[in-house]
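Laboratory data are not the source of any read-out in this text; all were calculated from the coordinates shown. As the structure is a computational prediction, the values presented were derived from the model and not from experiment. For neighbour counting, all protein chains shown are included, and Cβ atoms are generated from backbone atoms with ideal geometry for every residue, glycine included.
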Amino acid sequence: MVPALLLVAALIVPPPARAQAPAQSEAALVERAVGPWELSNPSGSRKCAVTFRAERAGPGRGLTLAEGCAAAFPAVANVAAWSVAPTGAIRWLDRAGQPAFDFEETEVGIFESLRAGDPTVYFLTNLGLAGRTLPTADDVAGGWNLGQPTGRALCSLGLKQELAADAGALEQRFALDVASGCERSVAALGLTSWRLDREILVILGKSGTLSFRREDGGRWVKTPADNRPLVLTRP
């Protein structure tokens, strides 16, 4: 009986939990979201222009719904603010701070919401992101110069396609080579690995993390923007 019991126990051991992508900082997620959006139904027969703002407003951050939005989508009449989850999901809040809509990203820059008791499927499109092709590891692997926008180089990095030595079994985090002689503030970060989080390139270190978004010209700029801008360019 013992072998049979052991076999049953082995069969009912739950599978390992799926790895989740590490969360971005709130500042980076807010910067990603700020700007023009469009709310629509699946057929596109009803549309509404929406603008996300970064400043605080009531229970969340400010947003502006174009005139006529409430007529096209009565459910938005009480929407007063927005917030973003660590996963990048967008939540619209009413004046009391209660959730009115929860939007999950289904494609780059395209979010979807289903509401209990409401037959409409709501699509929320980030007009600055929708339609973009996500970068791949092949796109970003290789040598890069980390520097200032003025052209002053601070460090040379090599983004490798081998998994980082301490990466988890389901973690897509890759090894990084850092050249000697890096500028002191960069060296202090102890950069060790990199990963892609949607369209964001994240370079991780023992004492800090740098995030970059790709510009149309091919270079990568630090995000969120601050008083110490950095860029990644090919040598």
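Rounded to the nearest 20 Debye, what is the dipole magnitude of the stretch 137-233 about its Cα centre when Lys and Arg each give +1 and Asp and Glu each give -1 at the C-beta? Could the numbers behind the result be given before it?
Working: 12 positive and 12 negative charges, 67 e Å.
The calculated dipole for the stretch 137-233 is roughly 320 debye.
For each of E67, E26, count neighbouring Cβ atoms within 10 Å of the residue's Cβ, then give the residues from fewest to most.
Neighbour counts put them in this order, fewest first: E67, E26.
Under 15 Å Cα-Cα from K47, which aspartates and glutamates qualify once same-chain neighbours fewer than 8 residues away are excluded?
Once the sequence-local aspartates and glutamates are set aside, what remains near K47 is E38, E67, E112.
Which of these, K160, K206, K222, has the largest mean-square fluctuation under a Gaussian network model of the chain (Cα springs below 10 Å)?
Greatest mean-square fluctuation among the candidates belongs to K206.
Could you list D139, D226 in order of exposure, starting from the residue whose Cβ has the fewest other Cβ atoms within 10 Å?
By the 10 Å Cβ count, ascending, the order reads D226, D139.
Projecting each Cα onto the charge dipole of the chain (Lys/Arg +1, Asp/Glu -1 at the beta carbon, about the Cα centre), which of A225, L154, F52 comes out farthest on the positive side?
Checked the options; the winner is L154.
May I ask you to list the aspartates and glutamates whose Cα is less than 12 Å away from that of K160, ignoring any residue fewer than eight positions away on the same chain?
D138, D139, D177
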